[in-house]
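First comes the structure, then the notes that go with it.
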């Protein structure tokens, strides 16, 4: 078992933040500052992100790692916030520990409810070609350009570039690994869920958000007209206030 690098701050009801697949726990810095008054906030780097290593040929489960971390810390009840790929991990955690999760907030989540469209497949192809050529700089630039909306500041773009470059370095070095997904039955997730999506995100993620809300028993959709794929980096304070309001709803 690999111990996930993590930070636990504040006191009060626990909120767990799971980062996007292009980032690490630093993407939540502003949200943590806003949530810590009144909440205990746990965030972690999944394997191959930030300061958590990824061993070559490793066999593991991201959701399983998060659950193990929660058990190690003695956290029984918690709310979950996940962004992009972190939203898919959050759904797996919620499905595996339904009685422990009080509320789920998903920001432009990934989920297996919509088939990848041509736009997403084109992005994947471009990224794969750059990685095959060993051009991590260009792959990083592609991800930043694709996943940050127009409201992101230069500082946010620089932070995402640093996080994404670090992710690519760790994961390219590790090579092929086996990341097992836990099963998710959306019909059984009866807890309150808030699904947030940026109207300027890739169409695949907009459709994914809408389909999740249609299929989850108790879900609310919030569409942000100004946002791309990573609202927590594009308008950090506004997103922090949105998350806090959803937690208190």
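The values are calculated or read from the model by the stated rules, or taken from the named source; none is laboratory data. Please read all numbers here as calculations on a predicted model, not as lab measurements. Cβ: placed from backbone, ideal geometry, glycine included. Neighbour counts: every protein chain shown.
Table for the structure above
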| quantity | calculated |
| --- | --- |
| Unique match (being outside any loop (DSSP other than H, G, I, E, B) and either over 16 Å from the mean Cα position of the chain (by Cα) or in contact (Cβ under 8 Å) with a residue 40 or more places away in the chain (or both)) among 17, 54 | 17 |
| Odd one out for residue 20 among (1) under 16 Å from residue 84 (Cα atoms); (2) surrounded by fewer than 16 Cβ atoms within 10 Å (Cβ to Cβ) | (2) |
| Top-ranked residue in the range 229-249 [being at pLDDT 95 or above and not in a helix (DSSP H, G or I); ranked as surrounded by the most Cβ atoms within 10 Å (Cβ to Cβ)] | 230 |
| Pairs where the first residue, in the range 30-46, is on the phi > 0 side of the Ramachandran plot and the second is surrounded by fewer than 22 Cβ atoms within 10 Å (Cβ to Cβ) and modelled with pLDDT of 95 or more, C-beta under 8 Å, 6+ apart | 38/10; 38/12; 38/13 |
| Residue list for the range 68-91, filter: over 19 Å from residue 249 (Cα atoms) and surrounded by fewer than 24 Cβ atoms within 10 Å (Cβ to Cβ) | 68, 69, 70, 71, 72, 73, 74, 75, 76, 85, 88 |
| Complete set of residues in the range 205-223 that are surrounded by fewer than 18 Cβ atoms within 10 Å (Cβ to Cβ), in contact with a helix residue (DSSP H, G or I) (Cβ under 9 Å, 6 or more places away or on another chain) and outside any strand (DSSP E or B) | 215, 217 |
| So residue 43, is it surrounded by fewer than 24 Cβ atoms within 10 Å (Cβ to Cβ), outside any loop (DSSP other than H, G, I, E, B) and at pLDDT 95 or above | no |
| Residue satisfying condition, being at pLDDT below 95 and more than 16 Å from the chain's Cα centre (by Cα), within set 125, 99 | 99 |
| Residue within the range 158-165 that is out of contact with any helix residue (DSSP H, G or I) (no Cβ under 8 Å at 6 or more places or on another chain), closer than 24 Å to residue 117 by Cβ and at pLDDT 95 or above present | no |
